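**Q** Pasting in a structure now, in structure tokens, and then I'll have a few things to ask.
The values are calculated or read from the model by the stated rules, or taken from the named source; none is laboratory data. These figures come from a predicted structure and were not determined experimentally. Cβ sites come from the backbone with ideal geometry, for glycine too, and all protein chains shown count toward neighbours. The accessibility values were calculated without ligands, DNA or RNA, using every heavy atom of the protein model including side chains. Shrake-Rupley method; radii C 1.70, N 1.55, O 1.52, S 1.80 Å.
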Amino acid sequence: VTEVAHPVEEADLPPLEIDDPLYATDPQAVIARARQHGRFAASRRGVEVLAHDDVMKLLLDNRLHAQDTRVWQRYGAQERLSAFIQDGLLSAMQGERHSRIRRIFLAAFRARHIEDQRPLMRSVAEDLIADWPASGGIDFVTAFTLPYPMRVLCQIVGIPTADIPEFSAAATQLHLLSQSPLEPGFPAIEKALSTLWDYCLGLVAIRRDQPSEDAISALIAAQETEGRITDDELVWNIVNLIFAGQDTTRYQLASAIRAIDEQPGLWDRLHADPSSIPGICEETLRIYPVTNFVVRIPQEDFVYEGVRFAKGRRVILNFQAASRDPEHFGDPAGFSPRSLNRGPETYDVPFGLGSHFCLGAALAKAEIQEAVTVLVSRFSRFAVTGPSHMTTPAGMLYGPENLPVDFTRR
Ligand code: HEM
């Protein structure tokens, strides 16, 4: 280990001004300002890591752990939330418990299995646009990106589509978990989690009696043969899938449509050459990443690239900054198709890396690609007609709450 004589302390880092009003309207401008002073900055969130390559390295650094339950409990998490975080929130788990549960759930989301689900995604997309008129205007979020990921996920997991209304309001409430500050949302979070718990508990009981071809039945079978996860862990992790797979894909898909719309002629080119859709969708993940950052906590004091990471202090791996890092991308503001395979210019961080790598990455990518494929094939014009109301960029997830679109069918 090389010790640096005088490491830079958090307090001496240049600021990333996330409370500057400009950050709410143009976060990239504020990030660019911080980047002029170096690859690291500080904000009230913690030490901000801005460079793509540092984010990649630190995602793999086992001296950094995810934020665990104790941190959330310090904020005052109540009974249901504590249980959910304890038994279901995979991204907050560490070590043996994390890998034990992750291994069982991973089986349901393998890329090969997801490939088989593409016709299902297409049919959900076709179904959602079926009763749109020949031309008109619509809020694409309400009409499409809100129901689409939930319907796809539920069919894969084995939740009957007819049951969705029973818990969808509760599932939507879970967006409160990515808000800052968290405390005002606690009562609504408790209520939403009880609804989801009751629903998923009932579903697991039904599938135990009558197994089917779905992921829940496979998880129950894995639990019975391997006996490695408790009943509570099983149910809370099903709740977690509903939580982790909903807002992320919803925002990212709406952002993808905006990013495509911003490129003149791209819609027509995608129609002429549908094989270019995956590379274009990949680039939309970089242009408008939904995950602003992930949080890590140093388990010991250490110096990284001349900066002191103090034990217990928050480290923010800033994906939004990494996605426009000029050191990594020749033309960070430009838009060009991006390879899905790792390479010097690929954007590697949107789904994380290492032990917490997104369980739903293959699913989310396929969902976005299939939605774009269906829309491009059905509409000759699909034009964004105004600004979106965005989530606050200082929070964990960044994306449009609405997207006004004018469309014309082919
Ligand atoms: C565009 C959509 C999505 C994005 C950008 C995204 C992003 C991420 C990221 C960055 C992480 C890592 C968090 C960390 O390292 O702390 C993660 C973890 C996770 N994601 Fe996703 N995600 C998306 C969709 C989904 C979907 C559809 C599912 C549902 C199956 C899902 C389930 C999960 C789970 C369970 C974890 C925790 C994995 C673990 O800690 O072992 N995600 N996601």
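**Q** If a residue must be in contact with a Leu (Cβ under 9 Å, 6 or more places away or on another chain) and open to solvent by 50 Å² or more (accessible area, probe 1.4 Å), how many such residues does segment 262-294 contain?
**A** Total meeting the criteria: 0.
**Q** Considering only strands (runs of 3 or more DSSP E) fully contained in segment 295-410, which possess at least 1 residues that are buried (at least 22 other Cβ atoms within 10 Å of the Cβ) and either out of contact with any Lys or Arg (no Cβ under 8 Å at 6 or more places or on another chain) or free of Cβ contacts under 8 Å to residues at least 24 places away in the same chain (or both)?
**A** 307-309, 315-318, 404-409
**Q** Do we find that Val239 is of a type in the set (A, V, I, L, M, F, W, C), outside any helix (DSSP H, G or I) and buried (at least 20 other Cβ atoms within 10 Å of the Cβ) in this structure?
**A** No; evaluated as a whole, the condition is false for this residue.
**Q** Another question, if that's okay. Identify, by number, the condition in (1) more than 29 Å from Val152 (Cβ to Cβ); (2) at pLDDT 90 or above; (3) assigned to a helix (DSSP H, G or I); (4) out of contact with any Ser or Thr (no Cβ under 8 Å at 6 or more places or on another chain) that Asp61 doesn't meet.
**A** (3)
**Q** Looking at segment 223-250 only, could you name the residues that are more than 8 Å from the ligand (Cβ to nearest atom) and either among the β-branched types (Val, Ile, Thr) or under 22 Å from Tyr398 (Cβ atoms) (or both)?
**A** Once the filter is applied, which keeps residues that are more than 8 Å from the ligand (Cβ to nearest atom) and either among the β-branched types (Val, Ile, Thr) or under 22 Å from Tyr398 (Cβ atoms) (or both), segment 223-250 yields Thr225, Ile229, Thr230, Val235, Ile238, Val239, Ile242, Phe243, Asp247, Arg250.
**Q** Quick check: is even one residue across segment 157-164 without any contact (Cβ under 8 Å) to a residue 60 or more places away in the chain and either among the hydroxyl-bearing types (Ser, Thr, Tyr) or touching a His at 6+ places or on another chain (Cβ under 9 Å) (or both)?
**A** Scanning segment 157-164, I find at least one residue that is without any contact (Cβ under 8 Å) to a residue 60 or more places away in the chain and either among the hydroxyl-bearing types (Ser, Thr, Tyr) or touching a His at 6+ places or on another chain (Cβ under 9 Å) (or both), so the answer is yes.
**Q** Here's another thing I want to ask about it. Restricting attention to segment 1-30, which residues are in a helix (DSSP H, G or I), out of contact with any Leu (no Cβ under 7 Å at 6 or more places or on another chain) and surrounded by 15 or more Cβ atoms within 10 Å (Cβ to Cβ)?
**A** Matches in segment 1-30: Glu10, Tyr23, Pro27, Gln28.
**Q** Now a separate question. Ala254 - would you say it is touching a residue at least 40 places away in the same chain (Cβ under 8 Å), in contact with a strand residue (DSSP E or B) (Cβ under 7 Å, 6 or more places away or on another chain) and among the small types (Gly, Ala, Ser)?
**A** yes
**Q** Here is a follow-up. From the list Leu50, Leu60, which residue is farther than 28 Å from Ala188 by Cα and open to solvent by 50 Å² or more (accessible area, probe 1.4 Å)?
**A** Within the list Leu50, Leu60, the selection yields Leu60.
**Q** What's the number of the condition Ile159 fails, among (1) in a helix (DSSP H, G or I); (2) buried (at least 17 other Cβ atoms within 10 Å of the Cβ)?
**A** So the condition that Ile159 fails would be (1).
**Q** Going residue by residue through segment 25-32, is there one that turns out to be charged (D, E, K, R), within 16 Å of the ligand (Cβ to nearest atom) and under 30 Å from His389 (Cα atoms)?
**A** The answer is no; no qualifying residue exists.
**Q** Looking only at residues in segment 257-294 that are assigned to a loop (DSSP other than H, G, I, E, B) and in contact (Cβ under 8 Å) with a residue 12 or more places away in the chain, which one is farthest from Ala143 (Cα to Cα)?
**A** Result: Asn292.
**Q** Just checking, how many residues over segment 193-213 are open to solvent by less than 80 Å² (accessible area, probe 1.4 Å) and touching a Ser or Thr at 6+ places or on another chain (Cβ under 8 Å)?
**A** 1
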